[in-house]
Amino acid sequence: MIDCLFCKIAQGEIPATLYYENKDIVVFDDINPQAPIHKLIIPREHIATLNDLQDHHQPLVGQMLQVASSIAKQLDIADVGYRLVSNCNAGAGQTVFHIHFHLLGGRPLHWPPG
Ligand code: AMP
Ligand code: ZN
């Protein structure tokens, strides 16, 4: 069995503040928020990095993006603007090796991100 923090959150073995879940996807609050709204959108399936995505994951990733967009509308940040980020591998800051999108909003977000 894979020893993975986000798999354990998805399976309810480690608590998190869940915001949304369905059979494929779980969304919860980031424990160290970088903005007033900082949610993590993860697949239930363990996929370590974006580099590990395969053709059959296309509907799953599409669904993750659609869920992010829906949540942004629900939280009233869709019009003002929000950011979706996915860090791939250590050089980009990935610390949990189970793919996820960060949904950030609720404050001005500058570019480049650094
Ligand atoms: P990344 O660094 O892009 O891999 O993002 C991992 C994110 O997971 C970071 O923003 C962490 O703050 C967050 N994180 C780590 N542990 C937990 C946890 N137990 N519950 C919620 N978020 C977490
Ligand atoms: Zn995992």
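Details
- Database remark: amide H of VAL26 closer than 5 angstrom to the amide H of ILE42, ARG44 (H placed geometrically; neighbours at sequence offset of 5 or more, or on other chains; Pro and chain starts carry no H).
- Calculated from backbone phi, Karplus (6.51, -1.76, 1.60) coupling profile of region 94-109 in Hz, x at Gly/Pro: 5, 10, 10, 8, 8, 4, 7, 9, 7, 9, 10, x, x, 8, x, 10
- The Rg/Rh ratio for region 11-73 is 0.96, where Rg is the radius of gyration of the alpha carbons and Rh is the Kirkwood radius.
- Farthest toward positive dipole pole in the chain [+1 Lys/Arg, -1 Asp/Glu at C-beta], among HIS56, GLY93, GLY114: GLY114
- Theoretical gain in end-to-end length, LEU50 to ASP24 [0.36 nm per residue, Cα-Cα removed]: 7.7 nm
- Against the main long axis of the alpha-carbon atoms of the chain, helix 58-74 sits at an angle near 30°.
- Per residue, the convex hull spanned by the Cα atoms of the chain measures out at 115 cubic angstrom.
- Here the accessible area of region 5-105 is 51 percent carbon and sulfur, with a 1.4 angstrom probe and all protein chains present.
- Within the shell of other residues whose beta carbon sits under 14 angstrom from the beta carbon of LYS23, the net charge comes to -2, with Lys and Arg scored +1 and Asp and Glu -1.
- The relative contact order of the chain comes to 30 percent, based on Cα pairs under 8 Å that sit 6 or more residues apart.
- Between GLU13 and VAL96, full extension at 0.36 nm per residue minus the direct alpha carbon distance yields a gain of 28.2 nm.
The values are calculated or read from the model by the stated rules, or taken from the named source; none is laboratory data. These numbers were taken from a predicted model, which means no experiment stands behind them. Neighbour counts run over all protein chains shown; Cβ positions are idealised from the backbone, glycine included. Areas reflect the complete protein model, heavy atoms only, side chains present, ligands, DNA and RNA absent. Shrake-Rupley method; radii C 1.70, N 1.55, O 1.52, S 1.80 Å.
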